[in-house]
Amino acid sequence: MYGLSGLVDRPMKIGYNQGEVIIPLNSLTYIFPAVTLLLIVLFYFGMPSLKKTELESPEEKSFCRLDCILLALIVVLYSAVAFYNLGDTKAPQSFCRFQSNDSVTVDLEEETSVNEILFYSGLNTGKCVVEYSHDGEFFYAVGCMDQKYSALLKWNSVEFMDGMDSETRYIRITSDSDLYIGELSIRTAKGVAVGEGELFDEQELVPDYMTYLNSSYFDEIYHARTAYENIEGIYPYEISHPPLGKLIIAAGIELFGMTPFGWRFSGTLFGVLMLPVLFVLLKKMFGGTAVPVCGTAILAADFMHFIQTRIATIDTYAVFFILLMYLFMYLYVTGGRLRDLALSGIFFGIGAACKWTCFYAGAGLAVIWLLYCLRNFDIKKYIKNCLFCLAFFVIVPAIIYYVSYFPYGQASGMSGVGMFFTKDYADIVLGNQQFMFSYHSGVHSEHPYSSRWYQWVLNIRPILYYLQYYTDGKRSSFGAFLNPVLCYGGLAAIFVNAYLALFRKDRTAEFIVIGYLAQLLPWVFITRTTFEYHYFPASVFLLLAICRVFSLMKNNRKDWRVSVYGLTGMAVVLFALFYPVLSGKLVDSSLASTLLKWMPSWPF
């Protein structure tokens, strides 16, 4: 027997999902992009002559107190913004498991009209038929709880079919397959049906409607789900990427529960950790304090970095380990210590176990290493170095990659160290490599926000992750694309670095350009469906290229502060301007489109 709780205090502004709305551009739309591009052009007009520029920086490359203070300030400020409104810290944790043909009948105790049924989807896909009855004996189908793969780990509502009587007393829900449902809310004209059991034990968590704060969005339906399956010992649904990234997501879930905050925590933390890693790399490259601080601030203000590290997908971990592998490769080619080369290889292995895009980064490392060896050629050292690389760029990464599949083995009934030496475990790993190659080479389905590499470099087609309109003319949305300062300023800086590498034999510029091309060129030849976020790893090298230009200005111009601090400040201002469409903040739809829709193809 189920009773009725008090009526839900629903807001008048009810949200709903809707596709992109095209709003015409006007003259005001062009002011901000025009000013931004003008300032970037002025920045490069202020560059010293590349033919006579002093390339080497005489500044100290070891840390000082000011470095630590400024870095800590950036990290604290960014962390506060990144973790703010990341997601709810509570979500249904107990799930009612339905077997095929299992049903639950809810007695509303008296005849009343049913306004809405909300339910929180757990694991597995299938449907529940929703029926109503006046007497508890004869039931009539009225709707369907469709738990499809795109509806998992989120709040969903039942679409009622035509023909339901205005009032009813009984609601019956019958599953057609093995389903997990976390919570159920039956909202009637007289209140909310409540009762005992796992379907009604967390009613205080039922929201008024679904938002990104209480539900999964975009590819979280794959990666957050798989992370949870790894914890529960269930063979994962998403096997199109290596396992390690999902295991890192699972660590956040273990700490904070299977909640939006929990499955997004690890990515956001790694986004924060990218800042000190980048600072160290910039410090080692250019010395001083100004360039590392400005470069780190631009990364903190980058749209792509902010968005991608706040969604529970695996790209964050790939980029984080790419940063580390290039940091230690730079330390190796400038210092010659084998321990740095070894660490570069180890982080390459960890990154590859998160996502295959790290193999592109590995190709860039190989080119950098080969050029270093040719310039410092000694046959004995070269042979020794080759053997060392065989160990730390092949054998050790292969072991890391192979062992990372242990959740697959455990879900298949294996356990202990011995499972790594069984044929069954090896077959799982090898079979998954074949599947991943086949899957990614065959992804050619149309998508409204897909884009090609030549669109990435100009920020032409951002990918929209979330969009929800409200009846009062406001909306909540966010999408992945680069801060225009980093996108356009960085692209120009890549050409400057290419010139320095080719004609001034600048090894630092060469290092940066190779890293950038390693992340971009493979996508030129890939024909599968691609998206703007695939440019995320390359964006790190855009930033390094800008910082190389900063360093040139600092070493060759007395008035460098206006240009360097000005461009950095502009990146921060643009982040503040675009923050509403990066964070899901409620804003007026027409005003946001007027100010932020810089191109007709931008979905804001």
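The values are calculated or read from the model by the stated rules, or taken from the named source; none is laboratory data. Everything quoted here is computed from the prediction, not taken from an experiment. Every residue, glycine among them, receives a Cβ derived from its backbone with ideal geometry; neighbour counts consider all protein chains shown. When the accessible area is computed, the model is the full protein with side chains, heavy atoms only, and any ligands, DNA or RNA have been set aside. Shrake-Rupley method; radii C 1.70, N 1.55, O 1.52, S 1.80 Å.
Summing charges over all other residues whose Cβ lies under 10 Å from the Cβ of ARG97, with Lys and Arg as +1 and Asp and Glu as -1, gives -3. Of the residues GLY335, GLY295, ALA312, the one whose Cα sits farthest towards the positive end of the charge dipole of region 255-413 is GLY335 (charges of +1 on Lys and Arg Cβ, -1 on Asp and Glu Cβ, taken about the Cα centre).
Please report, in debye to the nearest 20, how large the charge dipole of the chain is about its Cα centre when each Lys and Arg carries +1 at its beta carbon and each Asp and Glu carries -1 there. Don't jump to the answer; show the numbers that get you there.
On the way: 44 positive and 50 negative charges, 910 e Å.
The dipole of the chain has a size of about 4380 debye.
Working note: Karplus 6.51/-1.76/1.60 with θ = phi - 60° gives region 327-335 the couplings 4, 6, 5, 5, 4, 5, 6, 9, x Hz, where Gly and Pro are set to x. Database remark: amide H of VAL587 closer than 5 angstrom to the amide H of ARG475 (H placed geometrically; neighbours at sequence offset of 5 or more, or on other chains; Pro and chain starts carry no H). Rounded to the nearest 10 degrees, the angle from helix 357-375 to the longest Cα principal axis of the chain is 10 degrees. Summing Cβ point charges (Lys, Arg +1; Asp, Glu -1) relative to the Cα centre of region 96-190 gives a dipole of roughly 520 debye.
Could you work out the helix-only [θ] at 222 nm for the chain, with each DSSP H run of four or more residues adding -39,500 (n - 2.57) and the total divided by the number of residues, to the nearest 500 deg cm²/dmol? Provide the component values of the computation, followed by the final result.
On the way: 21 runs with 293 residues, N = 604.
Mean residue ellipticity, 222 nm, calculated: -15500 deg cm²/dmol.
Between the residues PHE95, TYR44, LEU179, the greatest Cα displacement towards the positive end of the dipole of the chain, with unit charges on the Cβ of Lys, Arg, Asp and Glu, is found for TYR44. Loop-located GluC sites (Glu not before Pro) in region 106-143 (DSSP state other than H, G, I, E, B) with a sparse environment of at most 10 neighbouring Cβ atoms within 10 Å: GLU137.
With the simple model of a label 7 Å out from the Cα in the direction of the Cβ, TYR402 to PHE160 spans 6.0 nm. With a cut-off of 13 Å between beta carbons, the residues surrounding MET436 carry a summed charge of +1, where Lys and Arg count +1 and Asp and Glu -1. How would region 287-347 be classified by its alpha-carbon gyration tensor: rounded, prolate or oblate, with rounded meaning a/c under 1.5 and the a/b versus b/c comparison settling the rest? Because a/c hits 1.5 or more and a/b fails to exceed b/c, region 287-347 counts as oblate. Please label the shape of region 213-273 as rounded, prolate or oblate, based on the square roots a ≥ b ≥ c of the eigenvalues of the alpha-carbon gyration tensor (a/c under 1.5 means rounded; beyond that, a/b larger than b/c means prolate, else oblate). Since a/c stays below 1.5, the shape of region 213-273 is classed as rounded. Distance between the pseudo-spin-label points of HIS134 and VAL41 (7 Å out from Cα toward the beta carbon): 7.5 nm. Tell me whether region 143-275 comes out rounded, prolate or oblate; compute the Cα gyration tensor, take square roots of the eigenvalues as a ≥ b ≥ c, and use a/c under 1.5 as the rounded threshold. The shape class here is prolate.
Taking the Cα centre of region 224-294 as origin, work out the dipole magnitude from +1 charges on Lys and Arg Cβ and -1 charges on Asp and Glu Cβ, in debye rounded to 20. All intermediate terms of the calculation are to be shown ahead of the outcome.
Values: 5 positive and 4 negative charges, 77 e Å.
It works out to roughly 380 debye.
Students often get this wrong, so check it: of LYS154/LYS246; LYS127/LYS154; LYS283/LYS558; LYS284/LYS384, which have C-alpha atoms separated by over 24 Å? Pairs exceeding 24 Å: LYS284/LYS384.
The slack between LYS380 and ARG504, meaning 0.36 nm per residue of separation minus the straight C-alpha distance, is 41.6 nm. Positive-end ranking of TYR470, LEU517, ALA411 along the dipole of region 409-526, with charges on Cβ about the Cα centre, is headed by LEU517. Distance between the pseudo-spin-label points of TYR30 and PHE388 (7 Å out from Cα toward the beta carbon): 5.8 nm.
Quick one: pull the percent of accessible area on region 247-368 belonging to carbon and sulfur, 1.4 Å probe, ligands and nucleic acids left out. Before the final figure, lay out the partial values.
Numbers: 1870 of 2550 Å².
Solvent-exposed carbon and sulfur of region 247-368 make up 73 percent of the total.
Residue by residue, region 190-197 carries 3J(HN,Hα) couplings of 10, x, 10, 5, 10, x, 9, x Hz when phi is fed to the Karplus relation 6.51 cos²θ - 1.76 cosθ + 1.60 (θ = phi - 60°); x denotes Gly or Pro.
Between the Cα long axis of helix 536-556 and the first principal axis of the chain there is an angle of about 40°, rounded to the nearest 10. Can you give the relative contact order of region 84-152 as a percent, counting alpha carbon pairs under 8 Å and 6+ residues apart? 26 percent. Helix 290-300 and the longest principal axis of the C-alpha atoms of the chain enclose an angle of approximately 20°.
Just to verify a number: FRET efficiency for GLU196 and THR125, C-beta to C-beta distance, R0 = 25 Å, to 0.05?
Working: r = 27 Å, r/R0 = 1.08.
Rounded to the nearest 0.05, the efficiency is 0.40.
Just want to confirm a number: the relative contact order over region 228-284, from Cα pairs under 8 angstrom separated by 6+ residues, in percent.
Working: 30 pairs, mean separation 13.4, N = 57.
Across region 228-284, relative contact order equals 24 percent.
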